[in-house]
1. Which of the residues spanning region 34-78 are part of a loop (DSSP other than H, G, I, E, B) and aliphatic (A, V, I, L, M)?
2. Is it the case, given these coordinates, that Glu107 is in a strand (DSSP E or B), surrounded by fewer than 24 Cβ atoms within 10 Å (Cβ to Cβ) and among the acidic types (Asp, Glu)?
3. Please specify each residue of region 1-22 satisfying the condition of being more than 11 Å from Leu55 (Cα to Cα) and small (Gly, Ala, Ser).
4. Going through region 33-56 one residue at a time, which ones are modelled with pLDDT under 95 and in contact with a helix residue (DSSP H, G or I) (Cβ under 7 Å, 6 or more places away or on another chain)?
5. Only residues that are over 27 Å from Gly174 (Cβ atoms) and not aliphatic (A, V, I, L, M): list them for region 95-147, please.
6. Sort out for me the strands (runs of 3 or more DSSP E) sitting completely within region 137-205 that have 2 or more residues that are in contact (Cβ under 8 Å) with a residue 60 or more places away in the chain, closer than 17 Å to Ser216 by Cβ and outside the structural domain of Ala353 (by TED's automatic domain parsing).
7. Within region 257-298, can you find the residues that are touching a residue at least 40 places away in the same chain (Cβ under 8 Å) and among the aromatic types (Phe, Trp, Tyr)?
8. May I ask you to list the residues in region 71-108 that are closer than 21 Å to Ala292 by Cα and of a type in the set (Ser, Thr, Tyr)?
Amino acid sequence: MDFTFTEEQRAAVEAARAVFADVAPDGVPSPALTPGAVADDFDRPLWAKLAASDLIGLVLAEEHGGAGLDTIALCLVLREAARVLARVPLLEHCATAMAVQAHGSPELAAALLPGAGRGMLVLTAAAHGRSGHDPAELAVTARRDGEAWILEGTQTAVPWAHTADWIAVPAHTGEGEAVLALVPRTAGGLALAEQVSTSGERFAELALDGVRVERSHLIEDPQAWERLRQVLTTGTCALALGLGEAVLDMTSRYTGKREQFGFPVATFQAVAVQAADRYIDLRAMEVTLWQAAWRLDAATGGAGGPLPSTGDVAVAKIWASEGVRRVVQTAQHLHGGFGADTDYPLHRYHAWAKQLELQLGPAAAHEEALGDLLAAHPLA
């Protein structure tokens, strides 16, 4: 079998590297030194560069002005974005656009996707529920009101909500069905409360009090929310991988120059073994990421036919959640005093890593879910 990336996927990586080449993570204030969020808005100039390079519409079909690529291509670009801690809503935007494209009505697709593909409309998603622990679709109720739907409930920790144009909100109908509503940020009855993430980014708590959503802006297919949730999770694993690789590179450069007893500390066995362990973590994170991304594309009609992806996404989450934490902890240890310096770039990487770990959730919970899945589907 050929496991290499396609020419189109490699071209997307090269375009992303060109766009992110001038992004400097140390140019952003440290969360520890900022009383609130590090900025009110995301990096609009960088967003414009991504749009000019056709990377925002990467996963959209050509009929909507996109490149027609897949989840793997998106994860490749996200990996490059995380290396420089790019402050753009690329994951949430693209994942929401993919859900609209695959499951939304023609009216909804025509209203959102052309603008979303050019970066003129910004999309985000509410994926953390009321508390960050409960299923997101249970935090909001949706009831019919004639030809429209009424949303009631609360969603917490919604990234980029203050500056996005549309927010994808999962909800339940009370009959065990999950729906996905596309809500404009300015909708009546929608209130945003300020929240700040561990990484210092501006989040929001969404309070929906009788928010009215037209029928064409609500996706009743339960697969829409499940697909969006899995793409968001897999994309977060890609961010964790890119961040971890950047941190290990930073650590390698530092330990190669830092001398002790007349020798670079990288030559000491204790240092080399710790770095090697983290390299193994990153390779495990990588292989499970690509497995999950490939399963997602195969499950939606790509090469390989319809295949379940829940288990593969769970395995990727286990490795990403544990791996990114171990990588940054080892990096801080091997940096010595610099690891605790809030003016040194490693501090921002550590804050981002902790935020990604929190978003992915504890590995133990994913292991339990994976065990339940294996029990329900025993191997032949």
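1. Within region 34-78, Ala37, Val38, Ala39, Leu55, Ile56, Leu58, Val59, Leu60, Ala61, Ala67, Leu69 qualify.
2. When the stated conditions are applied, Glu107 does not pass them.
3. Selection gives Ala18, Ala21.
4. Of everything in region 33-56, just one residue is modelled with pLDDT under 95 and in contact with a helix residue (DSSP H, G or I) (Cβ under 7 Å, 6 or more places away or on another chain), namely Val38.
5. If the condition is that a residue be over 27 Å from Gly174 (Cβ atoms) and not aliphatic (A, V, I, L, M), then Gln101, Pro106, Pro114, Gly115, Gly117, Arg118, Gly119 are the ones that fit.
6. Counting at least 2 such residues, we get 140-145, 148-159, 166-172, 178-184.
7. Matches in region 257-298: Trp290, Trp294.
8. Scanning region 71-108 gives Thr71, Thr96.
The values are calculated or read from the model by the stated rules, or taken from the named source; none is laboratory data. Everything numeric in this text was worked out from a predicted model, so none of it was measured. So basically every Cβ, Gly included, is an ideal-geometry build from the backbone, and we count neighbours across all protein chains shown.
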